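A quick write-up on the structure given underneath.
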Amino acid sequence: PVLDLPQGTVVIDGDPADWGDQGFVVQTLPAAGARVRTAKDFDVVVHVAWSPEGLLVLAEVADAKLQESGNANELWTGDSIELFVTTGLRQPDFYQAILSPGVDGKQKALRQKLYSFHPNRPVAGLAVQSAARKTAKGYAVEALLPWQNLGVTPAPGLQFGFQILANDQDGREGKRPF
């Protein structure tokens with residue numbers, strides 16, 4: 001779907017308090033196969049907005065068992081958020097940011113890994129500002145995804161593609177993407 005995203009003004013510090021009602025809010029992320037799961041073990045609420053600097057994202061994750069990947073090159077195999085951004089709908093030139101919050105007791109700080117799937121934008125040219133913090137129910141992750149990563153300038157009517165995945169790793173059950 002094509003959405004009209006509201007403009008937001010937040011500080012990327014891992015604290016969701018300044019979001020209030022800002023952004024387009026997604027309160028249900030379906031699991032694989034479009035199944036909607038109960039919030040008993042794992043639930044995600046996402047806010048998305050834009051600023052002159054870039055796309056703003058907040059993911060508030062309720063997770064009964066926090067378990068992140070110990071391998072910095074495989075952050076997606078543990079509790080993490082994956083963000084995909086492209087210059088347009090169904091375009092093959094995208095980049096991916098994987099954010100592991102650093103809240104499971106073993107990992108002490110947020111870790112991020114960036115991947116470029118654009119032939120003219122190497123990963124070295126990508127930047128993402130992110131922050132996370134542990135919450136009473138799990139964790140919150142905020143990110144600013146700069147427009148310069150796509151080589152675009154924000155303007156009314158600008159279209160781009162965005163996808164978010166939230167990964168839940170609960171040990172022997174394996175990873176469950178939402």
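The values are calculated or read from the model by the stated rules, or taken from the named source; none is laboratory data. What you see is a predicted model, and the numbers here were worked out from it, not measured in a lab. Cβ coordinates were reconstructed from backbone atoms using ideal geometry, including for glycine residues, and neighbour counts include every protein chain displayed. The accessibility values were calculated without ligands, DNA or RNA, using every heavy atom of the protein model including side chains. Shrake-Rupley method; radii C 1.70, N 1.55, O 1.52, S 1.80 Å.
Here are the numbers for this structure:
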| item | result |
| --- | --- |
| Sole exception among (1) at pLDDT below 95; (2) in contact with a Gly (Cβ under 7 Å, 6 or more places away or on another chain) for Tyr95, by number | (2) |
| Filtered residues of region 47-83 (kept if in contact with a Gly (Cβ under 7 Å, 6 or more places away or on another chain), under 28 Å from Lys106 (Cα atoms) and hydroxyl-bearing (Ser, Thr, Tyr)) | Ser69 |
| The listed residue being out of contact with any Pro (no Cβ under 9 Å at 6 or more places or on another chain), loosely packed, with under 14 Cβ neighbours inside 10 Å and at pLDDT 90 or above, out of Gly157, Gly174, Gly105, Gly78 | Gly105 |
| Matching entry among Ala131, Ala127, Ala143 (being in contact with a strand residue (DSSP E or B) (Cβ under 9 Å, 6 or more places away or on another chain) and either buried (at least 20 other Cβ atoms within 10 Å of the Cβ) or without any contact (Cβ under 8 Å) to a residue 12 or more places away in the chain (or both)) | Ala143 |
| Search result, residues across region 6-59 that are open to solvent by 60 Å² or more (accessible area, probe 1.4 Å), among the polar types (S, T, N, Q) and modelled with pLDDT under 90 | Gln7, Gln27, Thr28, Thr38 |
| Residue that is least open to solvent (accessible area, probe 1.4 Å), among those in region 61-75 that are part of a loop (DSSP other than H, G, I, E, B) and within 9 Å of Asp168 (Cβ to Cβ) | Gln67 |
| When residues of region 122-154 are limited to those that are assigned to a loop (DSSP other than H, G, I, E, B) and of a type in the set (S, T, N, Q), the one modelled with the lowest pLDDT | Thr153 |
